[in-house]
1. For Asp84, what charge total do you get from the other residues with a beta carbon under 14 Å from its beta carbon, if Lys and Arg give +1 and Asp and Glu give -1?
2. Please report the carbon-and-sulfur percent of the accessible area for region 1-150; probe 1.4 Å, protein heavy atoms only, DNA, RNA and ligands left out.
3. Given axes a ≥ b ≥ c from the Cα gyration tensor, I'd like to know whether region 452-516 is rounded (a/c under 1.5), prolate (a/b larger than b/c) or oblate.
4. Which angle between 0 and 90 degrees, to the nearest 10, do you get for helix 318-332 versus the longest principal axis of the chain when only C-alpha atoms count?
5. 7 Å from Cα along Cα→Cβ at both Asp420 and Asp349: what's the point-to-point distance in nm?
6. Hey, can you rank 188-195, 329-336 by average C-beta count inside 10 Å, highest first?
7. Find the cysteines in the chain that fail to meet the 4.7 Å Cβ criterion with every other cysteine, and list them.
8. Hand me the trypsin sites (Lys or Arg not before Pro) from region 264-335 located in a DSSP loop with no more than 12 other Cβ atoms within 10 Å, in residue order please.
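The values are calculated or read from the model by the stated rules, or taken from the named source; none is laboratory data. No experiment lies behind these values; they were computed from the predicted model shown. Because the Cβ atoms are built from the backbone with ideal geometry, glycine has one as well, and the counts that use them run over all protein chains shown. When the accessible area is computed, the model is the full protein with side chains, heavy atoms only, and any ligands, DNA or RNA have been set aside. Shrake-Rupley method; radii C 1.70, N 1.55, O 1.52, S 1.80 Å.
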Amino acid sequence: SAAQAGLYTASDQITLLTRDNVESVLVNSTAAAVVEFYASWCGHCISFSPVYKSLARDISEWRPAVSLAAVDCAAEENRKICVDYKIRGFPSIKFFRAFSKEDSYGTNYLGFPRDISGLRHAIIDSLETHGEPWPPSCPPLEPISQAEVDVFFGTNPVQYLALIFEESRSYVGREVILDLLQFENITVRRVLRSEVGLVTKLGVTAFPSCYLYYPDGQFSRLQVSREARSFYTYVLMRLPGVLRSGKAGLISSVVITNSSAEPWRSFNRTRVYMADLESTLHYALRVELAAHSLIKGEALTSLKNYIAVLAKYFPGRSVVMNLLKSVNTWLQNQTADHISYEAFREMLDNTAQVPDAALPEGERWVGCQGSQPHFRRYPCGVWTLFHVLTVQANSAGASNPHEVLSVMRNYVKNFFGCRDCADHFETMAREGLRTVSSPPSAMLWLWSAHNRVNSRIAGALSEDPHFPKIQWPPPEMCSSCHAASSDGEHRWNTNRVLSFLSSHFSSSRILNDYLE
Ligand code: FAD
């Protein structure tokens with residue numbers, strides 16, 4: 001289909017325009033929209049597409065106020081859209097205001113910047129001059145005055161007013177305002193350096209810098225390792241009481257649900273637990289595979305490879321390793337082109353009778369516990385397991401950098417119960433796995449793919465409100481992983497990320513709490 005032939009896919013956080021949805025996105029929508037009209041054969045479009053994809057991830061939190069869309073004008077079925085919007089050259093980028101009328105052609109970004117920060121600033125300029133009717137999800141972007149601050153808490157029942165002091169040409173304040181637009185209990189505003197009264201009252205000397213104002217009139221400077229957008233955003237999103245909109249109702253029901261479920265196991269959020277890894281194996285072997293009464297062909301090969309990699313790299317207790325080795329031997333001896341799950345389960349049951357070869361009965365989630373039974377658990381365990389395996393393969397000096405990732409890819413493709421997840425993951429693997437050239441780059445690829453998923457599903461219904469999706473690791477877990485370029489753009493220090501991953505997922509740091 002056109003969507004697949006084009007430069008973007010469903011996993012890019014870019015709305016792919018078609019004849020069927022173009023009206024709902026561009027006409028009378030509550031959000032403004034930025035649309036790239038491109039032709040899939042055009043070289044400039046191809047080289048611009050990674051920038052546009054990164055932009056979509058960079059401003060994904062802004063979606064309720066401004067969404068990013070794209071349309072492939074080279075696709076026959078889209079020709080009418082591009083003619084209707086009078087597109088002459090590729091790529092063209094247009095801004096459509098919220099509540100645009102049917103006859104609006106949008107505003108052309110002529111000679112638009114080809115870098116993320118330039119584009120982001122252009123979008124902010126468009127939003128700030130949007131005029132009425134204003135997109136309802138877009139918070140005020142203009143600077144706040146001392147007079148407004150003085151009466152703020154009289155009319156706004158929030159816990160924090162975050163003030164970003166900055167020069168008038170700086171975009172940091174408006175970026176953070178938009179980053180936080182989906183969060184409750186906090187309002188972010190910018191204050192210009194020229195607002196001398198406030199600057200003096202708070203004793204502000206650095207621009208930019210961020211201060212928290214409380215309803216009782218107290219204030220304090222926000223502690224960040226760098227005075228830059230992503231650092232403010234990280235800290236503000238995670239302040240106690242700050243929640244993603246619409247999740248407050250879920251929170252209050254937690255206690256009730258939990259009392260009838262398993263007891264809560266307290267744990268350290270910065271550590272990996274063996275109980276989660278074993279529960280993941282248990283679920284995969286006893287529940288997920290059981291959905292396939294006959295396992296054959298490609299699926300059988302991927303199961304054999306999965307177990308072989310586990311037997312090789314899983315950093316487990318000896319009982320578990322003995323089980324994995326027996327299962328592996330049994331599977332490698334199956335020469336038919338299919339096995340039944342029943343035979344597989346029988347073998348598991350028999351092996352479990354052997355002293356010193358067993359998985360604990362049932363699942364026991366610790367670091368992957370959710371605040372409600374339908375949150376986290378198995379998918380959390382799958383990610384954790386494969387991060388651990390890429391790290392183990394690296395420290396074991398694996399010669400094939402694709403060994404673990406191709407096993408993960410094929411297991412997910414053939415068995416992972418969440419089929420949408422599997423499709424998205426397969427898309428990412430198809431696009432990016434060939435760049436993996438060494439065991440460390442395999443670790444980094446999985447880390448980065450996981451962050452892409454985190455960014456795409458932040459705020460989704462499946463997100464546990466007590467475990468918001470973030471770009472990981474957050475600065476409090478690894479501050480040197482985060483860096484900012486001179487213009488304040490966030491950068492990962494991938495060398496530091498690599499050493500962080502090596503240590504975080506290393507077998508010697510895995511905790512054995514709550515095992516029998
Ligand atoms: P998870 O994302 O499961 O992460 C588990 C733990 O890993 C975190 O608690 C953290 O300690 C650590 N971690 C977080 N980010 C990283 C990182 N970048 N690198 C290393 N470690 C990290 N859900 C959907 O709704 N849509 C999807 O398309 C989708 N695709 C998925 C694809 C795969 C292959 C998998 C395994 C899961 C997918 N899921 C998808 C589920 C989703 O990603 C989460 O697993 C689930 O929502 C539970 O989230 P969590 O809060 O436990 O954290």
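1. Numbers: positive: Arg19, Arg79, Lys80, Lys86, Arg88, Lys94, Lys101; negative: Glu23, Glu77, Glu102, Asp103.
Local charge sum for Asp84: +3.
2. 52 percent
3. Working: a/c = 2.83, a/b = 1.20, b/c = 2.36.
Judged from the Cα gyration tensor, region 452-516 comes out oblate (a/c at least 1.5, b/c at or above a/b).
4. 80 degrees
5. In this crude spin-label approximation the distance works out to 3.7 nm.
6. 188-195, 329-336
7. Cys138, Cys210
8. Arg269
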